[in-house]
Amino acid sequence: MKRAVLCLALPVLALAACKPPPSDEATTGRVFSDAPDAPPTPLTSPDSEAAFWANSEEEGRIIYGQGGKAPLMAMQCIDEPDAPLLQVTRLSPADKGGKAFFALVGNSHVARIPVDATEVPGGFVWQGSARADHPDLEALTGPKEVTATLPGAGMVTLNPVEEGGISPAKLINDCRALALPKPSLDILEVGDEIAETNEAEPMAELSGPAE
């Protein structure tokens, strides 16, 4: 009771600290289909009211859902040698061997990410990835609401991120930054003996032969 009173007394921007984050542990024990005997029944769209992004127990991974409940989505950056990837997971039961397109619509962009039924402890969920620098991922970097629709698994509404909150925009921008050229570590400091020698040689060449 004391905790509830304390939360009511806080400013609006501080209320997020009172909300328990979506729980990674809440996904355990969910039932998935491995080999269905009949076509799966389409799932209804989950309730996204007051859902928000939070850091996962796994470093570099964020999850989206209502406080204290099983998350609806997860995202993380995969640092591949060719190009960093944004991995997107729709935490909804999937049938083994299933394939689909996950449509993310918002901020004047549409991203369609191919997803596969991916095995996790307890069954299969939908998971796919796209290059972090793909321009269509701007659907997730803007300030407006985003709809995330997966055939057979309904639509998840991604609410605008509150000021100071965890955001997919930061995750995507940090992921893109991994592909940027790194500063050279071979630059010599001013006053270094070798640097002074190298600086003197060009001056001698430009001065011409001594008279």
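Readers should treat all values here as calculations from the given coordinates under stated rules, not as data from a laboratory. As the structure is a prediction and not an experimental result, all values here were calculated from the model. No Cβ is skipped: glycine too gets one built from the backbone with ideal geometry, and neighbour counts run over all protein chains shown.
Annotation: amide H of ALA153 within the under-5 Å range of LEU43, sequence separation 5 or more or interchain, hydrogens built in the peptide plane. The packing ranking of peptides 109-117, 77-85, highest mean first, is 109-117, 77-85, where packing means the average number of other beta carbon atoms within 10 angstrom of each residue.
Extension gain for SER108 to ASP174 (0.36 nm times residue separation, less C-alpha to C-alpha distance): 21.6 nm. Near the amide H of GLU80, within less than 5 Å, lie the amide hydrogens of LEU85, all on another chain or at least 5 residues away, with H placed in the peptide plane.
Computed from backbone phi, the HN-Hα couplings of segment 166-180 come to 5, 9, x, 4, 5, 4, 5, 5, 5, 5, 4, 5, 5, 8, 6 Hz, rounded to whole numbers (Karplus: 6.51 cos²θ - 1.76 cosθ + 1.60, θ = phi - 60°; Gly and Pro given as x).
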